[in-house]
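What follows is a set of notes on a single structure, which appears directly below.
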Amino acid sequence: MDFNLGEIDLLILSKVQARYPGVTINNDVIEPSADQISKYKERVAETSSLENVKFTWHEETAYEYESRMNAEKKSKKWDFIHMIQMLYYVEDIPATVRYFHSLLEAQAKLLIILVSGTSGWETLWKKFGSSFPLNDLCSYVSSADMKTILDSAGLKYQLHELPSYMDITSCFIEGNKDGELLLDFLTETCQFSKTAPPELKRQVMEELRKPECSEKRDGKVLFNNNLSVIMIEP
């Protein structure tokens, strides 16, 4: 699974190469965006020391990949599968996790990284998610939801927290372009400042200042952007 134009993939691959020098590595990428795949290929072309890595790009969603594999009656097993910041874009999260978990070799691992249930995202989404005009390309899911899903499926996993903060001070400066873009990002709403009902905007701005979402430090408002790392066993 690709995230951030392959940057994370290449970092992971470098760690694997260091652990298993000279071993041929098959790296399959599932990514529905042709543009993202193109940029990923550019990054690979610019990176040395990838001679022993074989890349295969699948321009399709995780669901399309699963459907195609099932139709072709293929069931390739993997030593490591990662889903980093991508489960927000999956329609049926439990089914997707179950399918890719079924592709793990005996000693393999499935890595999931997404926003933490203790983050400001969780507070913001739970309180205002139904008020944001969210399209069907993205869904609100955090590690709290994932724990419920994994426990229900009876899967064994380890969960680790990655502390992270995001400076959102500019959101509170009226007319600040960066602040407006940050608000769009936080609410998943294009031009939120200009299009949101005034009362909703007031409530969101108020919530963003609360300790459940952010902390004030050195005159800045730092949004709790904590991530969770979930390592699932075969």
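Things worth noting here:
- Applying both filters, DSSP loop and at most 11 other Cβ atoms within 10 Å, to the trypsin sites (Lys or Arg not before Pro) of segment 140-189 gives 156.
- Within segment 83-135: Cβ-based charge dipole about Cα centre, in debye rounded to nearest 20 (Lys, Arg +1; Asp, Glu -1): 160
- A simple count of charges around residue 94, restricted to other residues whose Cβ falls under 14 Å of its Cβ and scoring Lys, Arg +1 and Asp, Glu -1, yields -3.
- Using a probe radius of 1.4 angstrom, the carbon and sulfur fraction of the accessible surface of the chain is 52%.
- Value of relative contact order over the chain, rounded to a whole percent, pairs C-alpha under 8 Å and six or more apart: 21
- Computed magnitude of the charge dipole of the chain (debye, nearest 20; Cβ of K, R +1, Cβ of D, E -1): 460
- Segment 91-234, accessible area per residue, ligands and nucleic acids excluded (1.4 Å, Å²): 53
- Segment 43-136: GluC sites (Glu not before Pro) in DSSP loop, at most 16 other beta carbons within 10 Å: 46, 51, 59, 60, 72, 91
- DSSP-assigned coil residues among trypsin sites (Lys or Arg not before Pro) in segment 1-84, each with at most 16 further Cβ atoms within 10 Å: 73, 74, 76, 77
- Accessible area (Å², per residue) of segment 6-82, counting only protein heavy atoms and a probe of 1.4 Å: 64
- Computed from backbone phi with θ = phi - 60° and the Karplus coefficients 6.51, -1.76 and 1.60, the 3J(HN,Hα) list for segment 184-197 is 4, 5, 5, 9, 6, 10, 5, 6, 4, 4, 8, 9, 6, x Hz; x is used for glycine and proline.
- With contributions of -39500 (n - 2.57) from each DSSP H run of at least four residues, the per-residue ellipticity at 222 nm computed over the chain stands at -11500 deg cm²/dmol.
- Sum of side-chain charges, residue 209 neighbourhood, beta-carbon under 11 Å (Lys, Arg +1; Asp, Glu -1): -2
- Additional length obtainable on full extension of the chain from residue 215 to residue 77, 0.36 nm per residue less Cα span: 45.3 nm
- Since only 20, 34, 6 are under comparison, the one whose Cα sits farthest along the positive direction of the charge dipole of segment 1-80, derived from C-beta charges on Lys, Arg, Asp and Glu, is 20.
- Spin-label model, residue 205 to residue 159: label points 7 Å out along the Cα-to-beta-carbon direction sit 3.5 nm apart.
- Put simply, the amide H of residue 157, placed in the peptide plane, has neighbours under 5 Å in 233, leaving out anything fewer than 5 places away on its chain.
- The ellipsoid that matches the Cα gyration tensor of segment 145-204 has semi-axes, each √(5λ) in whole angstrom, of 34, 15, 9, with the longest given first.
- If you look at the Cα atoms of segment 1-129, you get an Rg and a Dmax of 15.9, 51 Å.
- Distant-in-sequence amide contacts of residue 82, defined by a placed amide H-H separation under 5 Å and a gap of 5 or more residues or a different chain, comprise 111.
- Proximal charge balance of residue 177 [Cβ under 14 Å; K/R count +1, D/E count -1]: -3
The values are calculated or read from the model by the stated rules, or taken from the named source; none is laboratory data. It should be emphasised that the depicted structure is a prediction, and the values quoted were computed from it without experimental measurement. Every residue, glycine as well, gets a Cβ built from its backbone with ideal geometry; the counts of neighbours run over all protein chains shown. In case anyone asks, the SASA skips ligands and DNA or RNA and just uses the protein heavy atoms, side chains included. Shrake-Rupley method; radii C 1.70, N 1.55, O 1.52, S 1.80 Å.
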